[in-house]
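Below is one structure, written out as structure tokens; the observations come after it.
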Amino acid sequence: MEIPSKYEPGKAEAKWYDYWMKHGFFKSTPDEREPYTIVIPPPNVTGVLHMGHMLNNTIQDVLIRRARMIGKNACWVPGTDHASIATEAKVVAKLKSEGIEKRNISREEFLKHVWEWTNKHGGIILEQLKRLGASCDWDRTLFTMDEKRYDSVIKVFVDLFNKGLIYRGVRMVNWDPQARTAVSDEEVNYTEEQSKLYYVRYKIVGWNDYVMVVTTRPETILGDTAVCANPNDERYKHLKGKKVIVPMANREVPFIFDEYVDMEFGTGCLKITPAHDINDYEIGIRHKLPSIDIFNDDGTISSRAGLFTGIDRFAAKDLAEKELKRTGNLVKVVSYINKIGRSERTRAIIEPRLSMQWFLKMKDISRPALDAVMNGNVRLHPSKFKNLYRHWMENVHDWCISRQLWWGHRIPAWHYDNNEVVVAENISKALILAREKSGNKSLRESDLRQDEDVLDTWFSSWLWPITSFNGINDPDNIELKYYYPTNDLITAPEILFFWVARMIIAGYEYTGEKPFENVYLTGLVRDQQRRKMSKSLGNSPEPLELIDKYGADGVRIGMLLCSPAGNDLLYDDTLPEQGRNFANKIWNAFRLVKSWKIDDKIGQPESSLVAVKWIDEIIKKAIIDVDSNFRKFRISEALMAVYKLFWDEFSGWYLEIIKPDYKMPVDKITYEATISVFDKLLKLLHPFMPFITEEIWQLLNERKEGESLMISKMPEAKKFKKDLIGRFEVVKETVSAIRTVRKNKNIPNKEQLILRIRSHKDNYDQELLPVIIRMCNLSEVKFVDKKQKGSASFMVKTTEFYIPLGDKLNINEELDKIQEDMDYYRGFLASVSKKLDNERFVRNAPANIIDLERKKKSDTELKIKSLEERLKELKKL
């Protein structure tokens with residue numbers, strides 16, 4: 001068999017992904033096996049693969065592949081999200097570039113353009129995920145706006161409305177002037193930005209005096225309907241019952257008092273603009289103040305302001321400053337760092353605004369979801385996010401679920417007769433309700449007008465685990481009963497409330513059951529300066545280019561090696577490079593083993609016999625460690641356990657022990673054992689590195705068409721011989737010490753050494769001695785009962801070893817080395833003694849820990865004693 005000298009990721013990845021697809025290995029249908037289900041966090045249909053997707057979907061694929069190999073019926077459901085705001089913005093921009101304005105075409109025409117764009121671009125990110133190795137059941141690919149998902153969302157809206165949980169009303173909302181829609185509180189990101197404080201005079205009616213107000217928004221003065229101070233503020237008590245004149249607007253408004261006002265901020269005097277500030281809105285309600293909305297939908301100034309009509313809000317701020325200066329009402333302007341809310345989707349500065357919207361009452365419907373996480377029915381990994389989750393859920397506000405867009409699930413509400421409203425799944429049912437409600441039997445469908453708004457994108461994705469199995473339209477179907485609740489959700493902490501909490505709410509509301517058992521929260525992928533990766537900063541590499549350069553397996557390993565749950569991943573190219581290097585290490589080890597000639601006539605060397613026994617126990621231990629880490633969702637640690645198993649134990653020790661001498665054959669027993677070991681290692685590695693492991697596994701033995709590593713059985717956890725592993729660690733330490741002597745004394749590896757062990761032969765581990773002889777090229781091993789002169793010495797545990805050096809022995813060097821060792825062990829002894837002298841430690845620590853510390857102390861004391869004796873002997877020479 002001709003094995004290429006270098007592993008070529010590109011060829012292998014295309015070949016094996018096509019093979020897996022051809023044989024339907026990703027597909028899942030209900031059967032008698034235990035299901036393991038993940039629903040993909042649906043990426044935006046507008047999206048292309050970024051580093052966050054790479055991390056998230058690599059973790060999902062690791063879990064799915066592992067579940068498949070441990071015998072579960074693994075089902076990974078893929079799909080995309082229609083992303084109302086982002087998609088509409090893309091299509092609006094595209095049409096604009098073609099000379100078409102959205103406002104100049106009908107809703108139907110616009111939606112036709114959106115569907116064309118979606119059908120053209122919507123599958124790009126899913127195709128890119130295939131390059132990463134994602135083993136989704138692609139036949140199940142969903143879209144939040146496909147027919148079944150659309151109908152489900154509409155049914156849920158109608159149901160919640162009929163339960164009295166959805167209502168319509170004028171409320172203060174976060175308005176995105178660029179997208180021209182309301183957005184939820186969770187879709188607003190706050191950043192500290194440079195701003196200004198404007199000190200403005202308001203004349204007191206009937207007095208030749210003024211009050212001074214501090215504001216960051218001089219343009220909103222045109223919407224002021226009061227000026228307010230704290231009732232406990234002595235400076236303003238004389239203004240009770242007075243009025244002031246609003247600058248620029250020349251409107252008289254009352255001077256009022258409210259506990260909300262902070263006496264320490266600014267002048268202690270607050271201008272009240274109920275239409276454009278949430279706190280002012282609350283004050284306005286308490287004091288029955290009118291509201292003047294001075295903004296149009298696009299953020300320009302409306303005619304209601306009386307000035308600057310049609311001018312953009314930011315330009316209006318500059319004009320307001322000039323006008324206040326001209327009229328003598330601007331006292332001063334100072335620099336100020338202010339928290340600015342920006343739309344997550346468009347980055348536009350949010351405008352608080354009163355608007356007629358649809359809302360979902362959240363308080364009561366959220367309670368089961370709060371309880372589920374707090375009682376551990378749904379587990380968050382890492383658990384530190386439970387407190388944040390609890391804080392959000394205990395302080396939940398009603399959810400503004402309407403969006404002033406055309407792309408999305410159109411709200412199933414129909415208006416008629418002076419804005420009366422009925423809610424129904426379609427216009428036929430709406431007409432029946434409208435006739436009943438109005439008593440007007442002559443109403444026709446043409447008399448009904450459907451609400452213009454669509455639903456918040458999250459209102460469809462909160463149903464995702466249920467609608468993935470058509471559980472709203474057909475709640476008793478076989479697939480829902482088999483696959484739901486799903487097992488694990490992999491997502492980011494920033495959408496813990498946005499999406500995760502809401503899915504749990506919907507799960508209990510519509511199935512009476514949690515939607516998933518575990519939520520694994522990844523960190524963010526950041527650069528080395530801890531900045532979030534983004535195209536605007538130019539610090540985000542192109543994922544597909546990384547795959548081309550380092551291979552999909554290399555990128556997967558690079559992403560996973562340093563991304564513990566909940567912690568950010570600080571990315572640089574050394575990570576996928578390390579992954580590629582590991583892939584090369586695996587390939588080279590495979591080539592080495594396959595290059596050996598086999599002679600079935602020669603016997604198995606004792607060292608190889610021992611090595612095979614040891615590696616079997618090491619693998620058993622590694623399997624237990626890996627299983628434990630997966631149970632705890634320590635996926636990086638699980639990978640590191642397998643990584644070290646292959647790199648250190650298998651390549652660094654096992655292969656070095658068993659490999660035949662140059663141009664010599666290997667015995668058949670050792671070779672077959674090594675192929676078996678390699679097979680187990682490939683299975684452990686496969687979830688992390690699917691492509692190279694499949695390539696090697698197919699070459700390791702003869703395979704039939706339709707066989708695959710990805711559907712083979714994962715090695716199961718078994719008891720391991722802790723004693724043998726512990727004894728072998730002593731061998732490793734001994735070998736390392738002998739190699740150090742060789743290095744320090746410049747003794748060539750080919751030159752054989754004699755080893756003398758100060759121990760009775762029967763008391764020493766004879767079984768493992770052949771490994772030391774083999775690894776250290778020893779010509780002779782002797783057991784002695786006293787210290788040896790003219791030798792280099794070292795200790796392993798409490799046993800002394802000597803290597804006769806003759807004229808190569810440098811007394812001064814030996815003395816320095818022994819003194820250095822003694823200093824180290826005395827320091828170590830002091831730390832152990834300090835611990836054992838601590839009554840609190842001895843009282844509270846488990847008995848096995850105390851016994852271990854006592855053994856450390858006695859062993860160290862023996863080492864120090866032996867070193868002191870050796871020191872005395874050398875000084876005599």
Here the qualifying pairs (Cβ atoms under 6 Å; residues six or more apart or on different chains; first in region 168-192 and within 20 Å of Arg313 (Cβ to Cβ); second open to solvent by less than 10 Å² (accessible area, probe 1.4 Å) and among the hydroxyl-bearing types (Ser, Thr, Tyr)) come out as Asp176/Ser343; Val183/Ser343
**OP:** With respect to Tyr36, determine if the residue is under 19 Å from Tyr484 (Cα atoms), open to solvent by less than 50 Å² (accessible area, probe 1.4 Å), hydroxyl-bearing (Ser, Thr, Tyr) and touching a residue at least 40 places away in the same chain (Cβ under 8 Å).
**Re:** yes
Condition set under 17 Å from Ile738 (Cα atoms) and open to solvent by 50 Å² or more (accessible area, probe 1.4 Å), scope region 755-766, selection modelled with the highest pLDDT: answer is Arg756
Across (1) open to solvent by 20 Å² or more (accessible area, probe 1.4 Å); (2) closer than 21 Å to Asn746 by Cα; (3) modelled with pLDDT under 90, Leu805 clears everything bar (1)
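Mind listing whichever residues of region 275-291 are in a loop (DSSP other than H, G, I, E, B) and either open to solvent by 40 Å² or more (accessible area, probe 1.4 Å) or at pLDDT 95 or above (or both)?
Asp277, His287, Lys288, Leu289, Pro290, Ser291
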- Query: Does Gly24 satisfy the criteria of being under 31 Å from the mean Cα position of the chain (by Cα), closer than 25 Å to Val642 by Cβ and open to solvent by 20 Å² or more (accessible area, probe 1.4 Å)?
  - Reply: no
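Okay, residues lined up against (1) modelled with pLDDT of 95 or more; (2) touching a strand residue (DSSP E or B) at 6+ places or on another chain (Cβ under 8 Å):
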residue	(1), (2)
Asn518	yes, yes
Arg526	no, yes
Pro541	no, no
Asp553	yes, no
Glu577	yes, no
Reported set for region 328-373 where residues are farther than 23 Å from Arg390 by Cβ and aliphatic (A, V, I, L, M) is Leu330, Val331, Val333, Val334, Ile337, Ile340, Ala348, Ile349, Ile350, Leu354, Met356
Log entry, pairs with first residue in region 695-718 being in contact (Cβ under 8 Å) with a residue 12 or more places away in the chain and aromatic (Phe, Trp, Tyr), second being open to solvent by 20 Å² or more (accessible area, probe 1.4 Å) and in a loop (DSSP other than H, G, I, E, B), beta carbons closer than 7 Å, six or more apart or on different chains, reads none
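Go through region 594-663 and tell me which helices (runs of 4 or more DSSP H), entirely inside it, have 3 or more residues that are open to solvent by 10 Å² or more (accessible area, probe 1.4 Å).
606-631, 635-644
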Taking region 741-754 and keeping only residues that are open to solvent by less than 80 Å² (accessible area, probe 1.4 Å) and under 53 Å from the mean Cα position of the chain (by Cα), one is left with Val741, Arg742, Lys745, Ile747, Pro748
For region 676-698, the count of residues that are crowded, with 24+ Cβ neighbours inside 10 Å and aromatic (Phe, Trp, Tyr) equals 2
Among Tyr190, Tyr202, the single one that is open to solvent by less than 30 Å² (accessible area, probe 1.4 Å) and not in a loop (DSSP other than H, G, I, E, B) is Tyr202
In the set Gln819, Gln788, the lone residue that is surrounded by 17 or more Cβ atoms within 10 Å (Cβ to Cβ) and more than 20 Å from Glu729 (Cβ to Cβ) is Gln788
Here the residues within region 699-729 that are assigned to a loop (DSSP other than H, G, I, E, B), under 21 Å from Asp648 (Cβ atoms) and either in contact with a Cys (Cβ under 7 Å, 6 or more places away or on another chain) or not basic (Lys, Arg) (or both) are Pro715, Ala717, Phe720
Q.
One residue is enough: does region 620-632 have a residue meeting the conditions in contact (Cβ under 8 Å) with a residue 60 or more places away in the chain and touching a Lys or Arg at 6+ places or on another chain (Cβ under 6 Å)?
A. yes
Point to revise | Residue check, Asp553 closer than 30 Å to Val39 by Cβ, buried (at least 22 other Cβ atoms within 10 Å of the Cβ) and charged (D, E, K, R) | key: yes
If we keep only residues of region 562-574 that are open to solvent by 20 Å² or more (accessible area, probe 1.4 Å) and outside any loop (DSSP other than H, G, I, E, B), then the residue modelled with the highest pLDDT is Thr574
With the first residue restricted to region 92-117 and required to be within 18 Å of Gln178 (Cα to Cα), and the second required to be of a type in the set (Lys, Arg) and surrounded by fewer than 12 Cβ atoms within 10 Å (Cβ to Cβ), Cβ contacts under 9 Å at 6 or more apart or on different chains are Lys102/Lys96
Leu836 vs (1) modelled with pLDDT of 90 or more; (2) out of contact with any Phe, Trp or Tyr (no Cβ under 7 Å at 6 or more places or on another chain); (3) of a type in the set (A, V, I, L, M, F, W, C): all pass except (1)
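Condition check ((1) among the aliphatic types (A, V, I, L, M); (2) open to solvent by less than 30 Å² (accessible area, probe 1.4 Å); (3) part of a helix (DSSP H, G or I)) across all residues:
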site: Val781; (1), (2), (3): yes, no, no
site: Arg826; (1), (2), (3): no, no, yes
site: Arg843; (1), (2), (3): no, no, yes
site: Ile849; (1), (2), (3): yes, no, yes
site: Lys863; (1), (2), (3): no, yes, yes
Checking Glu234, Glu252, Glu219 in turn, the sole residue that is surrounded by fewer than 19 Cβ atoms within 10 Å (Cβ to Cβ) and either closer than 22 Å to Val334 by Cα or touching a residue at least 12 places away in the same chain (Cβ under 8 Å) (or both) turns out to be Glu252
Going through (1) crowded, with 17+ Cβ neighbours inside 10 Å; (2) touching an Asp or Glu at 6+ places or on another chain (Cβ under 9 Å); (3) part of a strand (DSSP E or B); (4) at pLDDT 90 or above one by one, Ser793 fails only at (4)
For region 726-740 the number of residues that are under 25 Å from Lys789 (Cβ atoms) and either open to solvent by 60 Å² or more (accessible area, probe 1.4 Å) or in contact (Cβ under 8 Å) with a residue 60 or more places away in the chain (or both) is 6
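The values are calculated or read from the model by the stated rules, or taken from the named source; none is laboratory data. Keep in mind that what you see is a predicted model, and the values were worked out from it rather than measured. Positions of Cβ are backbone-derived with ideal geometry, glycine not excepted, and every protein chain shown enters the neighbour counts. The accessibility values were calculated without ligands, DNA or RNA, using every heavy atom of the protein model including side chains. Shrake-Rupley method; radii C 1.70, N 1.55, O 1.52, S 1.80 Å.
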